[in-house]
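Have a look at the structure below before the remarks.
The values are calculated or read from the model by the stated rules, or taken from the named source; none is laboratory data. The structure displayed is predicted, hence computed values, not measured ones. No Cβ is skipped: glycine too gets one built from the backbone with ideal geometry, and neighbour counts run over all protein chains shown. The protein model used for the area step is the full one, side chains on, heavy atoms only, and it has no ligands, DNA or RNA in it. Shrake-Rupley method; radii C 1.70, N 1.55, O 1.52, S 1.80 Å.
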Amino acid sequence: MLNITKTNVIKFTPKTTAHVPLDIYYKDNVIDEVKSTKFLGMHIDNHMNWKNHVEQILPKLSAACFSIRNLIHTLNLDILHMVYFAYFHSLLQYAIIFWGNSTHVHQVFQLQKRVVRVMSGVGPRSSCRSLFRKLNILPIACQYILSLMLFIVDNQKDFLTNAYVHGLDTRNKNYLSLPIVSLSCVQKGVSYSGVKIFNSLPSNIQSYRNDRKRFKNKLYRYLIIHSFYSITEFLECKIDKDNI
């Protein structure tokens, strides 16, 4: 797949694939091949591992954390909460459905835990899970899940159910059909991860898929209560999800 801009081109390939240089000309001009590019505020690399994007937003998140640290003695917690969502959360949330499942997201999570500790006035080794609940802030993994699930709900027409694909009246007939893919970069993509996570939601949350507002509220409350630190933790949660 090629993404051509005015001056360069990027070729998306798996890491294991040997690189074959591109020779592309347009009106007798050579279009340079690049390994990364910026598109709609996202820093995209040729392997789609989102390392460049994370490296670009980390300094901005650090600056937001520094600003909040300087304000803790002059502003109350409610105002600090507003500052967090205006300067830190806005950066964290942008395009998170694309990069939020990458292997580099832990660096952002470390900064998020730091700013939560700063806002709560606790030490650098304090546990953060209860602090996330107290501040009503979603850990980055939970924010990724929420944003991705809202994308799925908003684009249901693009996802088929098991009943539609197989024509069988099974217990999982209303689950979304999981595509068969082998590349890990595709498995971490929006469509595959979205279907897998949606099918792992409590059934009473899934049942509100046609009521976006109630779906969002139910899912947000569920994620705040559990404050999952990773997608794996969410998927392996052993609670009775049918009785939430």
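In segment 93-108, the residue that is farthest from Lys38 (Cα to Cα) out of those that are of a type in the set (A, V, I, L, M, F, W, C), open to solvent by less than 20 Å² (accessible area, probe 1.4 Å) and out of contact with any strand residue (DSSP E or B) (no Cβ under 9 Å at 6 or more places or on another chain) is Val108.
So if I check each of Leu77, Leu168, which one is at pLDDT below 95, touching a Leu at 6+ places or on another chain (Cβ under 9 Å) and open to solvent by 70 Å² or more (accessible area, probe 1.4 Å)? It is Leu77.
So in segment 116-144, with the set limited to residues that are more than 22 Å from Ser102 (Cα to Cα) and outside any helix (DSSP H, G or I), which one is most open to solvent (accessible area, probe 1.4 Å)? Among residues in segment 116-144 that are more than 22 Å from Ser102 (Cα to Cα) and outside any helix (DSSP H, G or I), the one most open to solvent (accessible area, probe 1.4 Å) is Arg125. Please indicate, with yes or no, whether at least one residue in segment 11-28 is surrounded by 17 or more Cβ atoms within 10 Å (Cβ to Cβ), modelled with pLDDT of 75 or more and closer than 15 Å to Cys185 by Cβ. No, segment 11-28 has no match at all.
The listed residues are Gln187, Gln206, and the only one of them that is modelled with pLDDT under 85, surrounded by 14 or more Cβ atoms within 10 Å (Cβ to Cβ) and closer than 22 Å to Phe234 by Cα turns out to be Gln187. Checked against (1) at pLDDT 95 or above; (2) small (Gly, Ala, Ser); (3) open to solvent by 60 Å² or more (accessible area, probe 1.4 Å), Ser147 passes all but condition (3).
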